[in-house]
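Asker: Structure provided below as structure tokens; questions to follow.
The values are calculated or read from the model by the stated rules, or taken from the named source; none is laboratory data. As the structure is a computational prediction, the values presented were derived from the model and not from experiment. Backbone-built Cβ (ideal geometry, glycine too); neighbour counts: all protein chains shown.
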Amino acid sequence: PKSARAVANAVGKNPFAPKIPCHRVIRSDGSLGGYSGKGGLKTKKLLLKREGIIL
């Protein structure tokens with residue numbers, strides 16, 4: 001649990017999204033969580049779809 005929180009904090013502050021692919025991090029329950037990159041969750045969904053991830 002503590003390491004999951006550390007990952008969430010790190011990707012939440014990622015200034016290089018999507019070059020550093022923090023959009024691939026999802027919550028343990030399968031929900032998308034957040035996205036700190038431009039466009040928020042809408043962009044996260046688009047990036048995952050482009051990579052062939054079925055939501």
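Asker: Quickly run through region 20-38 and pick out the residues that are closer than 14 Å to residue 4 by Cβ, surrounded by 14 or more Cβ atoms within 10 Å (Cβ to Cβ) and touching a residue at least 24 places away in the same chain (Cβ under 8 Å).
Answerer: Matches in region 20-38: 33 only.
Asker: Also, I was wondering about something else. Answer yes or no as to whether residue 8 is surrounded by 14 or more Cβ atoms within 10 Å (Cβ to Cβ) and either touching a Cys at 6+ places or on another chain (Cβ under 7 Å) or of a type in the set (A, V, I, L, M) (or both).
Answerer: yes
Asker: Then there is this: I'd like to verify a number: residues in region 3-31 that are assigned to a helix (DSSP H, G or I), polar (S, T, N, Q) and more than 12 Å from the chain's Cα centre (by Cα), how many?
Answerer: So the answer is 1.
Asker: I need every pair where a residue in region 39-54 that is closer than 16 Å to residue 20 by Cβ and of a type in the set (Lys, Arg) has its Cβ under 7 Å from the Cβ of a residue that is exposed (fewer than 10 other Cβ atoms within 10 Å of the Cβ) and modelled with pLDDT under 95, sequence separation at least 6 or different chains.
Answerer: none
Asker: Which one of the conditions (1) in a loop (DSSP other than H, G, I, E, B); (2) more than 10 Å from the chain's Cα centre (by Cα); (3) among the polar types (S, T, N, Q) does residue 36 fail to meet, given that it meets all the rest?
Answerer: Result: residue 36 fails condition (2) only.
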